[in-house]
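For reference, the structure is listed below as structure tokens.
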DNA sequence: CGTTGGCTTGAGAGGGCTCAAGGCCAGTGG
DNA sequence: CCACTGGCCTTGAGCCCTCTCAAGCCAACG
């Protein structure tokens, strides 16, 4: 079954015909490593469903530092919904971290589909609801010290962690690479002690 | 016009009959100052639309400190959607900061209405989409130094600021009361200089 | 083998925290 | 009318965590 179909079926029920309609509205797009899917200053007009690879959404601050706000892997959605909704310039970049493939759907197209297929709107309502809840949790643990942040990250992102460069994880955790490196050393030492008994 | 009707009409179009159906599904609830609308450990099963007053949603950490994640004023929605969705115990409290009145709707009831009135689901989809975008922005400025956080807060929350106790604002900004107090002094001094020329 | 990218280590600085007082009302009761 | 109280905000001193800046290390690659 198509990965998008699987993902939708996990949340709402949709007929084959409806899903075919949905799938027709998407265009596939391949991205090379480090290629940008969205550039800051552009108005984002589409949503993207990740078929393969991994992407990150980040903000470039005044001093040129990158702040990762979001990752996306297989079966995740990624977009700057703030820009889409308000039709204003995005201040985020979305970049492929590995060679990736995404399915693209324009917001206008999506709105049309919502009218035809209420179940699709239910699905997106759930997606946003979950994303919102996840971000609320993230705000909480961003206020904890570095070590706990990392522990939480490791527990939530589990095996994805291995696919991510340290610098990206550090940024996502709101840490510098250096501090992140030190945090990991502390954890390593704890494990050594535990292992040694 | 009913405040909820106004709020819905700003985002989607809905007939009188549909809106009457919606409104019938709500129950009003009055809260005294400091009264809890949601207690940690409870499963949250409802959404709440604020008619009057103000509420805050906060997390009590292991050391007993409160972390405000969200405020709600007139015409805002507030709930622990994470708990609603997953039907698990909430780790948030929602408390009235002033004597307040909210309209309550159970999630089950809401799902039924979604089936009957697709426009309502559109409305909620938009609400969540906006809430998500707002939280993403919040994550960004939570990483900036205290002064900038406060400036941003003041620019976004504008006149609500006067209705909020300092301690709540401090917590929302991820600061202690003391640090927040110092930040405000710095800003006052800046203004004095500017005013004096 | 030099370069480049990604990770680690070190030393010093600084922003925000903790703990502990101190000030300023508004409300209350003598 | 005034002292007392409790809530709320401010101030101060010292500390700690994380940042910055600067090297150093290692593996991959040309």
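Taken together, the values in this text are just the output of simple stated rules run on the coordinates, not laboratory data. On a predicted model such as this, the values are computed, not experimentally measured, just so you know. Heads up, the Cβs are rebuilt from the backbone with ideal geometry, glycines too, and the neighbour counts pull from every protein chain shown.
Using the rule -39500 (n - 2.57) for each DSSP H run of four or more residues, divided by the residues of chain A, the 222 nm mean residue ellipticity is -15000 deg cm²/dmol.
The mean number of partner chain beta-carbon atoms within 10 angstrom of a residue's beta-carbon across peptide B:81-87 is 3. With 0.36 nm allotted per residue and the present C-alpha distance subtracted, the residue A:75-residue A:23 stretch has 17.3 nm of extension available. The angle separating the long axis of helix B:177-196 from the principal Cα axis of greatest extent in chain B is about 70 degrees. The range B:18-93 and the range A:51-125 have Cα centres separated by 28 Å. Averaged over the residues of peptide B:119-126, the number of Cβ atoms from other protein chains lying within 10 Å of each residue's Cβ is 4.
Relative to the longest principal axis of the Cα atoms of chain B, helix B:118-141 runs at roughly 20 degrees. Taking a ≥ b ≥ c as the square roots of the eigenvalues of the Cα gyration tensor of the range B:27-101, is the shape rounded (a/c under 1.5), prolate (a/b larger than b/c) or oblate? The shape class here is oblate.
Does the range B:47-197 come out rounded, prolate or oblate by the C-alpha gyration tensor, with a ≥ b ≥ c the root eigenvalues, rounded set by a/c under 1.5 and, if not, prolate when a/b is larger than b/c and oblate if not? Here the range B:47-197 falls in the prolate category. Rounded to 0.05, the FRET efficiency of the residue A:11 and residue A:108 pair, given R0 = 22 Å and the Cβ-Cβ distance, is 0.45.
As a size descriptor, the averaged projected area of the C-alpha convex hull of the protein assembly as shown was calculated at 23.0 nm².
Contact order, relative form, for the range A:142-197: 34 percent (alpha carbon pairs under 8 Å, 6 or more residues apart, mean separation divided by residue count). Out of A:92, A:159, A:123, any idea which swings most in a Gaussian network model of chain A, alpha carbons joined below 10 Å? Comparing A:92, A:159, A:123 in the GNM, the peak value goes to A:159.
Per-residue mean of foreign Cβ neighbours for A:135-147 is 5 (Cβ atoms of other chains, 10 Å radius). Only Cα pairs under 8 Å and 6+ residues apart enter the sum, and on that basis the relative contact order of the range A:1-90 stands at 30 percent.
If you wrap the range A:1-50 in the convex hull of its Cα atoms and look at it from every side, the mean projected area works out to 4.8 nm².
In the assembly of identical copies, residue A:159 has its label point, taken 7 Å from Cα in the direction of the beta carbon, separated from the corresponding points by 5.5 nm (ascending, one decimal).
Comment: the Cα-to-Cβ extended label point of residue A:12, at 7 Å, lies 1.0 nm from its counterparts in the other copies, nearest first.
Would you work out if the range A:3-133 is rounded, prolate or oblate? Take a ≥ b ≥ c from the square roots of the eigenvalues of the alpha-carbon gyration tensor; rounded if a/c is under 1.5, else prolate when a/b is larger than b/c, oblate otherwise. In terms of gyration-tensor shape, prolate. Here the gap between residue A:65 and residue A:86, fully extended at 0.36 nm per residue and compared with their Cα-Cα distance, gives a gain of 5.0 nm. Relative contact order, whole percent, for chain B stands at 23, derived from Cα pairs under 8 Å and 6 or more residues apart. For the range A:142-197, the convex hull drawn through the C-alpha positions has a volume of 81 cubic angstrom per residue. Label-to-label distances for residue A:74 across copies, nearest first, come out at 5.2 nm, using points 7 Å from Cα in the beta-carbon direction.
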